[in-house]
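I have placed the structure first, in the form of structure tokens, so that the comments after it can refer back to it.
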Amino acid sequence: MSAVPDREAAGSRDDDEPALVARALAGDRTALGILITRFAAPVRRLTYAILRDADEADDAAQDGVLQALVKLDRYDPTRPFGPWLMRIVANAAIDRRRRRSVRDTSELDEALAGGGPLPDVEVDRRALRQRLAMALHKLPQRYRTAVVLFDVEGYSQAEIAEILGVAPGTVRSAVFHARRRLRKWLGDWKEGGGG
Amino acid sequence: MNPESQAFSAEPDRVLGTELRALLDRPGEEEFVAAVMAAAAAAGVGSTRAVLGRWARVAVAGLVIAAVGSALAIQTTPPTAPEPALALETDWVAAATGSSAAAALFTSENAPDATVLYASDESN
């Protein structure tokens with residue numbers, strides 16, 4: 001598990017993405033594979049944060065990435081590839097979310113609740129994650145998406161504004177409120193002897 | 001500046017980011033990549049057909065632009081006057097034929113006048 005945002009952990013690779021796109025457009029399947037592999041984890045996290053259902057998230061991520069690949073020739077190589085792709089994927093997930101009512105059952109909670117007896121440290125960690133999952137679920141979708149793009153994926157406010165189609169000030173506000181609520185819920189739990 | 005702007009840190013919160021990442025990461029990345037690659041191949045992404053199709057679109061667009069440009073150029077160019085027929089020097093013709101009537105006949109831009117012809121016959 002990395003302790004730094006995804007783009008930073010991966011190194012600065014934005015500059016070679018236009019070349020990969022050009023190669024993919026020319027029929028180079030290796031370049032296409034590199035692009036898809038590079039963005040697989042971020043797009044799956046993003047759609048999971050929006051949809052909160054693993055299967056639907058993967059379907060939305062696949063739809064979004066495929067939509068982007070089909071119109072890859074419309075990508076402007078003078079701009080970063082990541083925000084362009086993430087915008088298409090986010091829209092695919094948001095559209096899917098609008099088409100169905102969000103289930104009340106939290107799959108994240110279920111995923112974290114399983115298993116048998118665990119060491120104390122692992123119990124604490126699992127409990128923390130479960131608490132964080134609940135806190136994340138309570139956030140409005142816009143806050144959730146913004147904080148994941150900012151604190152997990154490492155996109156700038158301007159890039160997130162482009163991805164979500166909102167003003168940079170709206171992103172700043174969403175990240176601020178999301179962090180405050182998450183920290184408060186986690187803090188309350190820790191102070192209450194949970195962690 | 002409002003309190004929200006003052007309190008906002010423009011740097012990613014790495015502790016929170018790490019916890020959220022662990023929460024959102026799931027197994028199955030290889031399967032996901034394989035599924036997307038297969039779907040992309042089925043959709044013809046990067047295929048020879050797609051590459052040729054893209055070039056064909058560019059070529060067709062270029063031809064359309066060229067055709068429209070040519071049509072506009074033809075419409076906007078003012079009609080040019082027809083080049084005058086090579087004028088025969090009246091004096092040269094008169095000297096060669098010894099007849100001013102012949103000179104008038106050959107150098108005129110109008111249809112021949114029958115009286116000129118008759119005048120020519122009479123002079124001979």
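The values are calculated or read from the model by the stated rules, or taken from the named source; none is laboratory data. Just so it is clear, the model here is predicted, and its values are computed rather than measured. Here the Cβ is made from the backbone with ideal geometry for all residues, glycine too, and neighbour counts use every protein chain on show.
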Self-check item: Among residues of the range A:161-175, those that are free of Cβ contacts under 8 Å to residues at least 40 places away in the same chain and part of a helix (DSSP H, G or I), counted
Solution: 9
Self-check item: Filter pass, A:GLN130 being at pLDDT below 95 and surrounded by 18 or more Cβ atoms within 10 Å (Cβ to Cβ)
Solution: yes
Quiz prompt | Among residues of the range A:122-155, those that are within 14 Å of the chain's Cα centre (by Cα), more than 8 Å from chain B (Cβ to nearest Cβ) and among the small types (Gly, Ala, Ser), counted | solution = 1
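Could you list all residues from the range B:11-27 that are facing chain A (nearest Cβ under 7 Å) and not basic (Lys, Arg)?
Taking the range B:11-27 first, the residues facing chain A (nearest Cβ under 7 Å) are B:12-14, B:16-26.
If the condition is that a residue be facing chain A (nearest Cβ under 7 Å) and not basic (Lys, Arg), then B:PRO12, B:ASP13, B:LEU16, B:GLY17, B:THR18, B:GLU19, B:LEU20, B:ALA22, B:LEU23, B:LEU24, B:ASP25 are the ones that fit.
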Practice problem: Please find, within the range B:27-43, the residue that is nearest to A:LEU25 (Cα to Cα) out of those that are under 53 Å from the mean Cα position of the chain (by Cα) and not in a helix (DSSP H, G or I). | Solution: B:ALA43
Quiz item: Is there a residue being in a helix (DSSP H, G or I), more than 7 Å from chain A (Cβ to nearest Cβ) and either modelled with pLDDT of 90 or more or over 45 Å from the mean Cα position of the chain (by Cα) (or both) anywhere in the range B:44-52?
Solution: no
Self-check item: Spans of helices (runs of 4 or more DSSP H) in the range A:14-102 with at least 2 residues at pLDDT 95 or above and within 11 Å of another protein chain (Cβ to nearest Cβ)
Solution: A:29-51, A:54-70
